[in-house]
Amino acid sequence: MQTYSIQQVSNLLQISKDTLRYYDKFDLVCPKRSENRYRYYTEQDILDLRYAEVMKFSGFTLVEIRKVFQFKRAHNVNNFPEILRILDDKKMELIRKQKLFYF
């Protein structure tokens, strides 16, 4: 399995190393650690980081993103309604904001 250093991920995704460390501390994306305690990111970690950046751009808070990721990582189909509820709530919030802005 291919892994990437924090520097490689930072360069690839244009996310600062400090932000990546914060995401790890916040349990948003938790890369594997080597014996020397260096972080090594997998392809799935990189995909999750990309999703997180898109969700942040869409107005999701880090707490909301973490919750979606936790439900997703549980691999339990019973979590799908909760994920859909979170996404639908955000959609409605964005619609309300849009109406305030344009009307």
Added length on full extension, which subtracts the Cα-Cα distance from 0.36 nm per residue, ILE95 to PHE26: 22.0 nm
Aspartates and glutamates near LYS72 by alpha-carbon distance under 20 Å, same-chain residues fewer than 8 away left out - which ones? ASP24, ASP27, GLU43, ASP45, ASP48, GLU53, GLU64, GLU82, ASP88, ASP89
Mean shadow of segment 20-73, computed from the convex hull of its alpha carbons, in nm²? 3.6 nm²
Neighbour-limited loop hits for trypsin sites (Lys or Arg not before Pro), segment 1-49 (at most 11 other Cβ within 10 Å; DSSP other than H, G, I, E, B): ARG37
SASA check, GLU43, accessible area w/ 1.4 Å probe, all protein chains in place, rounded to nearest 10 Å², comes out at 100 Å²
Mind listing the long-range amide H neighbours of VAL29? Cut-off is under 5 Å, sequence gap 5 or more, other chains count too, H placed in the peptide plane at 1.01 Å from N. ASP24
Kyte-Doolittle mean at least -1.0 and Cα extent at least 27 Å along the axis: which DSSP H helices of the chain qualify? 80-102
Given the convex hull of the Cα atoms of the chain, what is a quarter of its surface area in nm²? 7.9 nm²
Per the charge dipole of the chain (beta-carbon charges, Lys/Arg positive, Asp/Glu negative, Cα centre), the residue among GLN8, SER58, ASN78 reaching farthest to the positive end is SER58
Sorting PHE69, PHE101, PHE80, PHE60 on solvent-accessible surface, 1.4 Å probe, most exposed first, gives PHE101, PHE80, PHE60, PHE69
For labels at MET1 and SER34 in the simple 7 Å Cα→Cβ model, what's the distance in nm? 1.6 nm
Phi-based couplings in Hz for segment 26-37 (Karplus 6.51, -1.76, 1.60; Gly and Pro marked x): 7, 6, 7, 9, 10, x, 6, 10, 8, 4, 7, 6
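The values are calculated or read from the model by the stated rules, or taken from the named source; none is laboratory data. Bear in mind the structure is a predicted one, so any value in this text is a computation, not a measurement. For neighbour counting, all protein chains shown are included, and Cβ atoms are generated from backbone atoms with ideal geometry for every residue, glycine included. Accessible surface areas use protein heavy atoms only, side chains included; no ligands, DNA or RNA. Shrake-Rupley method; radii C 1.70, N 1.55, O 1.52, S 1.80 Å.
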